[in-house]
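Since the structure comes first, as C-alpha cells, the remarks are kept for the end.
The values are calculated or read from the model by the stated rules, or taken from the named source; none is laboratory data. What you see is a predicted model, and the numbers here were worked out from it, not measured in a lab. FYI the Cβ positions are ideal-geometry reconstructions off the backbone, even for glycines, and counts take in every protein chain you see. When the accessible area is computed, the model is the full protein with side chains, heavy atoms only, and any ligands, DNA or RNA have been set aside. Shrake-Rupley method; radii C 1.70, N 1.55, O 1.52, S 1.80 Å.
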Number of protein chains: 2
Amino acid sequence: MDQSSLKTLGHRIRERRKTLGWTQETLADTAKIDRSYIGSVERGERNLTFTVLCQICMALSCDVAALTADLPEPPR
Amino acid sequence: MDQSSLKTLGHRIRERRKTLGWTQETLADTAKIDRSYIGSVERGERNLTFTVLCQICMALSCDVAALTADLPEPPR
C-alpha cells in the first residue's frame, strides 16, 4: 500500500476543494459521494478507485492529472 | 461508472508499456501484479484502485499525471 501517495492525493483534493470555497458537504453532494467517504479520502485513509477519483475531479472541475503530478512518491 | 475514462487510461498504460518495449508479462512482474489483471486494466475492464495505479506507474517510471491528462472525459 502506497500510503504516502494516498495522503498527498487527499491533501490535494482538500486544497482544491478549499480553493473553491466548498465544504466537504458541497463536494460530496456535487460528486454524489457520501460525505464521510470524502472525509476519509481527504485524510488519505481510503484507497479509492479510479472512477471515484474521476467523480471527484469532475465535481472539482479539474482533470486527474491536476492532482497527481509526482505521484507515486519515490520510496524513501 | 466512467467506462470511457477507464478505457482511455488502459490505452495509455498499454502505449507507455509498448514504448518501453515491454510485454504485459514484464510489466506484471515489475509491478508485482498478476498478468491477467494487467490485461484487463489495459482493456479498461478493471476499475483499479489508486494504489494499484501507483504500482503500475512506478513500474513504468512515470507519474500518474503522465497518464491522466484530460481525464475524466467530459460526458457526451
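If you go through segment B:1-45 and keep only what is part of a loop (DSSP other than H, G, I, E, B) and open to solvent by less than 10 Å² (accessible area, probe 1.4 Å), you end up with just B:GLY44.
If I filter segment B:13-31 for residues that are more than 10 Å from every other protein chain (Cβ to nearest Cβ), modelled with pLDDT of 95 or more and closer than 18 Å to A:ASN47 by Cβ, do I get at least one hit?
yes
If the condition is being of a type in the set (Lys, Arg) and either modelled with pLDDT under 95 or not in a loop (DSSP other than H, G, I, E, B) (or both), then segment A:46-69 contributes no residue at all.
In segment B:2-36, of all residues being among the β-branched types (Val, Ile, Thr) and within 11 Å of the chain's Cα centre (by Cα), the one that is farthest from A:PHE50 (Cα to Cα) corresponds to B:ILE13.
Residue count for segment B:66-76, restricted to those that are open to solvent by 20 Å² or more (accessible area, probe 1.4 Å) and either under 12 Å from the mean Cα position of the chain (by Cα) or under 15 Å from B:ILE38 (Cα atoms) (or both): 1. For the residues A:CYS62, A:CYS57, the requirement of being surrounded by 19 or more Cβ atoms within 10 Å (Cβ to Cβ), within 13 Å of chain B (Cβ to nearest Cβ) and not hydroxyl-bearing (Ser, Thr, Tyr) singles out A:CYS57.
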